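Peer 1: Below is one structure. I have some questions about it.
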Amino acid sequence: MTNAVLIFTFSPVQSFIAEARRSEDLFNGSAILSRLAWAAGEAIKSAGTLIYPADLQKHDTPNVLVARIPVEQAQEIAQNAKRALLEEWQAIAEAARKKARLEEDDHWERIWKRQIVEAPPWQIFWAVAPETKNYARAYETARDLLERAKRSRLFDQCEEEGEKDSLSGARAALRTQRYKTAREYWEAMSKKQHILPSKVRPGGCELLDSIALVKRFWEGAEREFPSTSTVAAWDFYQEAKQKAPDELRRYREELEKLPLYQARRSDEIFPYDGDLFFEETLTRQRIKDSYGVEVDEATLRRLRDLLKDLIKKTQKSPSPYYMLIQFDGDGVGAKIDHLLEDKEKAEEKHRCFSQNLADFSKKVQEIVKPEAGGFLIYNGGDDVLLLVSREKGLELVRQLAEEYQNIVGQGLNILATASVGVVIAHHLTPLGRVLNLLRQAERSAKDAGKKDDLGNKGIVCVTLARRGGEALTAHSPWENIRNVSKWVRAFQNDDVSAVFPYALARETETLQGLKSEAITSVVRYLFSRHTGEKVSEDRKRELLKTLTEWHKAIEEKIGASAMGEIARWLIIARFLASGGAE
C-alpha cells in the first residue's frame with residue numbers, strides 16, 4: 001500500500017479570535033478553534049498517523065495538521081476530517097444555544113441556520129501528495145498544493161440584512177419578529193434573570209449574532225477565564241490575601257449584601273470580578289452599567305471606605321494595567337524546509353521537531369499559571385497567547401523565550417528562537433484596540449533587525465498604551481528583557497531620577513552617528529546628573545554597565561537608533577515602577 005502525506009487546515013483563525021469585546025471572548029474563541037482542530041485530528045488519526053502535532057490535545061490543537069495516510073483512502077479521510085470539524089462546530093453551537101435559553105421564532109431560526117449551518121465561518125482546505133520518492137518530496141508537494149488551494153479559494157456571498165452584531169460589525173444580529181429591532185430584542189434578553197451582565201451588557205448595549213452567542217455561552221472550555229480588570233488587579237489581590245485577609249473578608253461580606261453576579265465562582269475568598277478593587281467602579285452609574293444593579297449612595301460610601309481600608313492594610317494599590325502577549329516561533333517553515341533537506345531522515349526529523357514543539361507546549365503550561373500571574377488563552381506549540389499581570393508579564397516572556405530556544409531545536413542541531421509582541425494596556429481600554437496594537441507589536445518584532453538563514457530573530461516588542469495617550473513602542477533581544485526589572489527597581493528606590501529617560505530621549509537624535517565612545521560619554525554625563533546623592537558608586541557603575549551592554553545588544557541585533565530604543569525601554573520601566581498610576 002502506497003502512503004501519502006496529508007496537510008489539513010482551516011481558517012479564519014486570527015480574525016475569528018479577534019472578534020472579541022472581553023477576555024472571555026478571546027479565550028472561548030481560541031478554545032473553539034482548538035476543539036475543531038482536535039475533532040479533525042481525531043478523524044485523521046483513526047485512519048492514519050499524525051506527524052504534526054505530535055500530541056493531540058483537546059484544548060490546544062493547532063489549526064494545521066500533518067499526517068501520513070494510505071493514498072487510496074486519502075479523499076475519504078480528508079472528507080471525514082472536514083465532516084468531523086463541522087459536526088463539532090454544530091455541537092458546540094447547539095450547546096451554547098441550549099445554555100443561552102433565549103426567545104426564538106422562525107425569523108431567529110433562519111438567522112441561526114444561515115450563520116451556523118448553511119454558511120458557517122470556516123474555510124476548510126487540504127492537500128494530499130503520494131510518497132512516490134520520499135517523505136520530503138511528498139510533504140513539499142502537498143504544501144505547495146495547499147498554498148495554491150488557499151490562494152484560489154472562493155468565498156460564498158451571503159447577504160446579511162438588518163442591524164449588525166457588536167463583535168464583528170458585519171453579521172446580522174439575532175432577533176425575533178416580536179421586536180422591531182435587534183437592539184430591543186437584546187435589551188429584553190439582557191433582563192432575563194439567567195442572563196448575567198458578563199454575558200450580555202444590559203440596556204441593549206450589546207447585540208449578538210449566532211457566532212458571538214456561541215462564544216459567550218459555550219462552556220466547553222471547562223474553566224472560568226478572568227476579565228482584563230481581574231488580571232490588572234491580580235498582583236494586588238495576591239498580596240491582599242496575605243497582608244489583609246480580614247479587610248478583604250469585610251469588603252467581600254459587604255458586597256455579598258448586593259445582588260452582584262460572581263464572575264469567579266470557584267474562588268471562595270473573593271468570587272467577584274477584579275473591577276471591584278478599583279474605586280472608580282464604585283459609582284451608581286458604573287455599577288448599573290456593569291452589573292445591572294441600582295445601589296444607593298450610602299452603600300457605595302461604605303464600600304469605598306472598606307476598599308480604602310483594604311488598600312491601606314495591603315500597602316499597595318491595584319494597578320489598572322495588564323499585559324496581553326503574543327508569542328510566535330520564528331521561521332518555522334524555514335526550519336522544516338531545512339530539516340527536509342536530509343531526504344533519508346526527513347520524516348524522522350519532522351517528527352522530532354513536532355515532538356519538541358509538544359514538549360515546549362507542556363512547559364508553557366508549567367510556566368503560565370495564575371500563581372505566576374499568567375492566564376493562558378491559546379497554546380499551540382510555536383504560537384502562544386496569554387494575559388499576564390503587570391508585574392509578572394516580562395519575566396514570563398523571558399522564561400518562555402528561553403525555554404523555546406532550549407527545547408525546540410533539541411536533537412536537530414538547529415537554533416530555534418521566538419519573537420514576542422506585548423501590549424501594556426489599561427483594563428478599560430476597548431479590547432479591540434488592544435488586539436490591534438498587539439498585532440502591530442508582533443509584526444514589528446518580526447520585522448525588526450536581522451534574521452539568520454532559518455528565520456531566527458528572538459526579538460521582543462513592547463507597546464505601552466497609556467490610557468488617553470500615544471502608544472510608545474520599544475524593541476530588544478529577549479535575553480536583555482531582564483534589564484527592565486533592574487531599572488524598575490532603580491526608579492522605585494529613587495536611585496535614578498524619573499526624568500532621566502526623557503532627558504536621554506531628547507538626546508537620541510544627537511547621538512545618532514557618533515562613535516560608541518562618544519555615546520558612552522554623553523550617556524554617562526546624563527546619568528550622573530540624574531542619580532541620587534545617596535547612591536553608591538558601585539550601584540552607579542552597575543546601572544551604567546547595564547545600559548551600555550543593553551545598547552550594544554540592541555545595536556548588534558536590531559541596528560539603527562539603539563539609544564532611542566533604550567530611552568523608550570527606560571520610559572516603560574519608569575511607568576511600571578509607578579504602578580501605572582500616571
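Peer 1: Divide by every residue of the chain the summed helix terms, -39500 (n - 2.57) for each DSSP H run of at least 4, and state the resulting mean residue ellipticity at 222 nm, rounded to the nearest 500 deg cm²/dmol. Walk me through the numbers before you get to the answer.
Peer 2: Numbers: 21 runs with 285 residues, N = 582.
Computed mean residue ellipticity for the chain: -15500 deg cm²/dmol.
Peer 1: Further question on the same structure: Can you check what the net charge comes to around L85, using other residues whose Cβ is under 11 Å from the Cβ of L85 (Lys, Arg +1; Asp, Glu -1)?
Peer 2: Numbers: positive: R35, K82, R83; negative: E42, E87, E88.
Charge balance near L85 sits at 0.
Peer 1: Sticking with this one: L437: net charge of surrounding residues, Cβ under 12 Å, Lys/Arg +1, Asp/Glu -1, itself excluded? Write down the numbers at each step before the final one.
Peer 2: Details: positive: R433, R439, R443, R466; negative: E442, E470.
My count for the surroundings of L437 gives +2.
Peer 1: Would you give the gap between the C-alpha center of the stretch 362-387 and the C-alpha center of the stretch 204-232, rounded to a whole Å?
Peer 2: Cα centroid to Cα centroid, the span is 19 Å.
Peer 1: Once neighbouring chains are kept in place and the probe is 1.4 Å, which whole percent of the accessible area of the chain is contributed by carbon and sulfur?
Peer 2: Details: 11670 of 25980 Å².
That fraction is 45 percent.
Peer 1: Would you mind pulling out the separation of the Cα centroids of the stretch 455-506 and the stretch 243-306, in Å?
Peer 2: Taking the Cα centre of the stretch 243-306 as reference, the centre of the stretch 455-506 is 34 Å away.
Peer 1: Computed from these coordinates, which is log10 I(q)/I(0) by the Debye sum over Cα atoms at q = 0.07, 0.08, 0.10 Å⁻¹: [x] -0.49, -0.64, -0.97; [y] -0.55, -0.68, -0.92; [z] -0.67, -0.79, -1.00?
Peer 2: Working out log10 I(q)/I(0) by the Debye sum over Cα atoms at q = 0.07, 0.08, 0.10 Å⁻¹ from the coordinates points to [x].
Peer 1: Separate question: Using a cut-off of 13 Å between alpha-carbon atoms, which aspartates and glutamates can reach K58, once sequence neighbours fewer than 8 places away in the same chain are excluded?
Peer 2: Qualifying aspartates and glutamates at Cα under 13 Å: E42, E88, E222.
Peer 1: Related question: Note the full-extension length gain between S11 and D342 as 0.36 nm times their separation in residues minus their Cα-Cα distance, in nm to one decimal.
Peer 2: On the way: separation 331, 0.36 × 331 = 119.16 nm, distance 3.12 nm.
Contour length minus the Cα-Cα distance gives 116.0 nm.
Peer 1: Hey, another quick one. Using amide H atoms built in the peptide plane, which far-off residues or other-chain residues are under 5 Å from E131 H to H?
Peer 2: Here N3, A4, V5 satisfy the definition.
Peer 1: Skip the ligands, DNA and RNA, and give the accessible area per residue of the chain with a 1.4 Å probe, whole Å². List each step's numbers first, then the result.
Peer 2: Numbers: 25980 Å² over 582 residues.
Counting only protein heavy atoms, the per-residue value for the chain is 45 Å².
Peer 1: Ranked by accessible surface with a 1.4 Å probe, highest first, in what order do K316, K191 come? Walk me through the numbers on the way to the answer.
Peer 2: On the way: K316 40, K191 150 Å².
Sorted by accessible area, descending: K191, K316.
Peer 1: What number comes out for the charge environment of I195, summing +1 per Lys or Arg and -1 per Asp or Glu over other residues with Cβ under 12 Å away?
Peer 2: Numbers: positive: K99, R101, K191, K192, K199, R201, R216; negative: E103, E187, E206.
Residues near I195 contribute +4 overall.
Peer 1: Report the full-extension gain for the segment K515 to R249: residue separation times 0.36 nm, less the Cα-Cα distance, to one decimal in nm. Could the numbers behind the result be given before it?
Peer 2: Values: separation 266, 0.36 × 266 = 95.76 nm, distance 5.99 nm.
Net length gain for the segment: 89.8 nm.
Peer 1: For a protection proxy built on the mean count of beta-carbon atoms within 10 angstrom, sort 168-181, 528-541 highest first, please. Please report the intermediate quantities before stating the final value.
Peer 2: Values: 168-181: 17.2, 528-541: 11.8.
My ranking of the peptides, most packed first, is 168-181, 528-541.
Peer 1: Past 25 Å, Cα to Cα: identify those pairs from K241/K392; K215/K369; K335/K486; K343/K557; K99/K164; K369/K540, in the order given. Spell out each step's value before the answer.
Peer 2: On the way: K241/K392 18 Å; K215/K369 23 Å; K335/K486 35 Å; K343/K557 33 Å; K99/K164 23 Å; K369/K540 36 Å.
Violating the 25 Å limit, Cα to Cα: K335/K486; K343/K557; K369/K540.
Peer 1: Going highest first, how would you order 451-463, 378-390, 194-206 by mean Cβ packing within 10 Å?
Peer 2: Values: 451-463: 21.0, 378-390: 23.7, 194-206: 18.1.
My ranking of the peptides, most packed first, is 378-390, 451-463, 194-206.
Peer 1: Take every Cα pair under 8 Å in the chain that's 6+ residues apart, average their separations, divide by the length, and report that relative contact order as a whole percent. It would help to have the intermediate numbers written out before the result.
Peer 2: Values: 966 pairs, mean separation 70.8, N = 582.
Averaging sequence separation for qualifying contacts and normalising by length gives 12 percent for the chain.
Peer 1: A further question follows. Roughly what would the spin-label model give for T548 and E147, points 7 Å off Cα along C-beta, in nm?
Peer 2: It is 4.7 nm.
Peer 1: Pop out the ³J(HN,Hα) list for the stretch 231-245 in order, Karplus 6.51 cos²θ - 1.76 cosθ + 1.60 with θ = phi - 60°, rounded to Hz; leave Gly and Pro as x.
Peer 2: So the J values, rounded to whole Hz, are 5, 4, 8, 4, 4, 4, 4, 4, 6, 4, 4, 7, 9, 9, x.
The values are calculated or read from the model by the stated rules, or taken from the named source; none is laboratory data. This structure is a prediction, so every number in the text was calculated from the model and none was measured. Heads up, the Cβs are rebuilt from the backbone with ideal geometry, glycines too, and the neighbour counts pull from every protein chain shown. Note: accessible area is taken over every heavy atom of the protein model, side chains too, but ligands, DNA and RNA are not part of it. Shrake-Rupley method; radii C 1.70, N 1.55, O 1.52, S 1.80 Å.
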